[in-house]
Every structure is written in structure tokens, then in C-alpha cells.
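Everything on this sheet refers to the single structure shown next.
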Amino acid sequence: MTTAEKNTMDRIHVNYEDKPCYDIVLTDSFDLLPEELEKIHISEKKICIVSESNVAPLYADTLKKLLQNHCRLVITHVFEAGEKSKNLETVYGIYETLIRHQFDRKDLLLALGGGVVGDITGFAAATYLRGIDFVQIPTTLLSQVDSSIGGKTGVDFQVYKNMVGAFYMPKLVYMNIKTLSSMPEREYLSGMGEIIKHGLIKDAAYFDWILRHQKNILKRDFQTLQEMLYISCQIKRNVVEKDPKERGERALLNFGHTIGHAVEKLKDFTLLHGECVSLGIAAAAALETHKGLLEDEDYEKILSLLKAFHLPVFTQNLDPAEIVETTLHDKKMEAGKIKFVLLNRIGEASICKTLTNEDLLYAATSIIR
Ligand code: GLY
């Protein structure tokens, strides 16, 4: 990458329905946040920082201090960390706080945290008073490269993941890449599941880049992370711009997620999302190799890159038939047919609606050791 390109790696514009919609800012502190928010005229607004119990103690006060002289009021709403909070009850809690502080339609929510915070806050923003503005401030690798971009918001309902939700665009996605240095190792590495997925479905050169930069990624070197986030966010941006409501191409981002979600559920969320995506990628790649769609050599390359980031490619104590059954209950079905994403090769993927239960069983069995 040339110096000129490096200097522009701090901002990505995102269009929605062919019009400029919001920016993704990639930087190394929270210092530029007031300036970025002033572009959406916060001086007359009340702001509610929504966060969870692990992230709020790290950054909520810093943000509050930074913003309090730039807007009418800043309050914080904190809920308990974890996927178990991703439900309507947590959303009700946010509504109550907003009502208590008389938030109206011109006010603003800031989602400070990982994917769960972003999805819940976005959904609360989409529905409170029929929609108020919100800004994503993702603090985890997974949310920075995936969930904060593209306007998917929502909650789990009963046993169904992401069953209730809305497409609702943020006004800004502000990433302080330095937040990645304080992430627990396992959670940080889990984000690599989505990043490797980006290379696999869209960009073979990026897959090789990740392979070459493993050491610096593991060390969390800032320049390397900025470049990696920049490429991943561009891949995600390009997909969601073309297909914001997931009528076609956006479904490619679900590569590794069909089996991955089933494992996540059957393991009762004891494995992290990115770890389950890694298992889902391994399962899909095994099936492709079995069907002659993917070279053995590429299968080994994929597995070894996942393993380089300590991501699981095999798991224990699961019944493959139960994985298939859970997969069939996943909502990513069309006319009773499962939509499964397969690689044509490293760097290119397509949606397959013709897989049989035997195919799924093969894929599920391949990750049980
Ligand atoms: N996380 C997949 C998507 O945004 O479509």
C-alpha cells in the first residue's frame, strides 16, 4: 500500500439507496468524536450512551466528559453484558430510561460496545418514537468489521436468534481502534472468524494478506489493524451498498453462519460467535472439498489460517444430526429450502439452495472429533 493510500485509511463513506448515508471513521482515540457528532448538530440534542456492564466501566465516563459541553445532556444506560441480554426486555429498559429523561425524536443514542450493544441500541433507536438517530461506537473486533456496518438491528426472540429487528442506518460509525488493545484475547481472536470470512467470500488477495500479517495481527499492531479494518470495512460496505436489505448478495456474508448459528445455540452460547463462524467455515469447506468444489490444498490452507488465530475447526459433544435439525430451523430458509453459502474458490462465494440433508449431515459430521 502506498503512503497516499495509507493516509486515506481513516474514513469510508457508505451510501444507502444510492445516496450518501454515513461515514465509518477509523481512528486511534475518542478525541475526534465531538467534532464528528457536531456534523449531525448535537448542540441541541440529548444523548444517551447505551452500553453493557463490561464496556461501560472502561469508556462511558470518558465519552460523557468529552461530550457534555457539546450537547444539552448526556446520560448513560447500562445493561448486563452477554448474548442473554439480547432480548425485548433489555429494549424495554432503554425505552424506560429515554421516557424518564424525556427524550424526543431529535435526540440521539450512542451504542458503545460490541455487537449485542449495537444490535439492541439500533433496534431501540429504530422503534422509539418511530425512530430516533443513533451512532455506532463499536469497541470489539467483531463489531468493528461486521455488525456496526449495514444497519441490521434486532434482538433474539425465544429460541430464535435475531428474529425481531429492523434495517435502520446509523448516522455515524466511529471506531477507536485502540479499544482493541483492551479486549480479552479470546474475544479479540473470535473477531478473526468474520475477517477471514471476508477474504474467503470476496477477496483472495486479502486472504493472503491476512496469512502474511498473522504475526502483527496477533500482536495487535496499530498500523496492521487499521489496514485490516479498512479492507474488511470496505468489503462489508461494498456488499451492503449493493444489497442493503439482503435480497441477494448480502446473504453471502452468512458464509459459515448456517452451521455456525446451530453450534452457537446447541453449545448454549458458551462458544463465542466468531468461534462458531470458524466451525461453520470449516464445515462448509469440508463439504465443498467432498463435492469436488474446493481443492484439498485450499481446504488445508483455510483450516490452518483459522487455527493460526486459535479458532476452533473441530468441536466435541455435539450430535451432527442435531446440528442439521437446528440448522433447518434457522430462519435463513426460502420456500422451505435452506440457503447455504458455498465457496466457488478462495475469494468467491455463491448461494446454494439445493443442498440435501445428507450434504448438511456431511458438513456437520466433519467438525466433530
Ligand atoms: N452480519 C451479516 C450482515 O450484516 O449482513
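The values are calculated or read from the model by the stated rules, or taken from the named source; none is laboratory data. Since the structure is predicted, the reported quantities are computational estimates derived from the model, not experimental observations. Heads up, the Cβs are rebuilt from the backbone with ideal geometry, glycines too, and the neighbour counts pull from every protein chain shown. These accessible areas exclude ligands, DNA and RNA; they are computed on the full protein's heavy atoms, side chains included. Shrake-Rupley method; radii C 1.70, N 1.55, O 1.52, S 1.80 Å.
Going by the structure shown, is residue 83 in contact with a Gly (Cβ under 8 Å, 6 or more places away or on another chain), within 30 Å of residue 240 (Cα to Cα) and open to solvent by 20 Å² or more (accessible area, probe 1.4 Å)? Before the answer, list the steps.
Numbers: in contact with a Gly (Cβ under 8 Å, 6 or more places away or on another chain): no; within 30 Å of residue 240 (Cα to Cα): yes; open to solvent by 20 Å² or more (accessible area, probe 1.4 Å): yes.
No; evaluated as a whole, the condition is false for this residue.
Checking each residue in segment 202-222 for being open to solvent by 60 Å² or more (accessible area, probe 1.4 Å) and without any contact (Cβ under 8 Å) to a residue 24 or more places away in the chain picks out 212, 215, 219.
Does any residue of segment 346-368 turn out to be outside any strand (DSSP E or B), in contact with a helix residue (DSSP H, G or I) (Cβ under 7 Å, 6 or more places away or on another chain), closer than 17 Å to residue 286 by Cα and modelled with pLDDT under 95? Yes: segment 346-368 contains one or more residues that are outside any strand (DSSP E or B), in contact with a helix residue (DSSP H, G or I) (Cβ under 7 Å, 6 or more places away or on another chain), closer than 17 Å to residue 286 by Cα and modelled with pLDDT under 95. Taking segment 337-369 as the range and being in contact with a His (Cβ under 9 Å, 6 or more places away or on another chain) and open to solvent by 30 Å² or more (accessible area, probe 1.4 Å) as the test, only 362 passes. Examine segment 208-226 for a residue that is within 16 Å of the ligand (Cβ to nearest atom) and either assigned to a helix (DSSP H, G or I) or closer than 13 Å to residue 192 by Cβ (or both), and state whether such a residue exists. No, every residue in segment 208-226 fails to be within 16 Å of the ligand (Cβ to nearest atom) and either assigned to a helix (DSSP H, G or I) or closer than 13 Å to residue 192 by Cβ (or both).
Could you identify the single residue in 117, 173 that is touching a strand residue (DSSP E or B) at 6+ places or on another chain (Cβ under 6 Å), at pLDDT 95 or above and assigned to a strand (DSSP E or B)? So that I can check it myself, show each step before the final result.
Details: 117 fails: assigned to a strand (DSSP E or B).
Every option except 173 fails the conditions.
Scanning segment 61-86 for residues that are more than 20 Å from residue 44 (Cβ to Cβ) and in contact with a Cys (Cβ under 7 Å, 6 or more places away or on another chain) turns up just one, 77. On the basis of being within 16 Å of the ligand (Cβ to nearest atom), more than 30 Å from residue 14 (Cα to Cα) and part of a helix (DSSP H, G or I), does residue 297 make the cut? So residue 297 fails the test. Applying the selection to segment 227-248, what residues are open to solvent by less than 50 Å² (accessible area, probe 1.4 Å), over 18 Å from residue 274 (Cα atoms) and within 16 Å of the ligand (Cβ to nearest atom)? Correct list: 237, 239, 240, 243, 244, 246, 248. Taking every residue in segment 162-173 that is without any contact (Cβ under 8 Å) to a residue 60 or more places away in the chain and under 20 Å from residue 129 (Cα atoms) and pairing it with any residue that is part of a strand (DSSP E or B) and open to solvent by less than 60 Å² (accessible area, probe 1.4 Å), at least 6 positions away or on another chain, the pairs with Cβ-Cβ distances below 7 Å are 165/153; 165/154; 165/155; 166/153; 166/154; 168/153.
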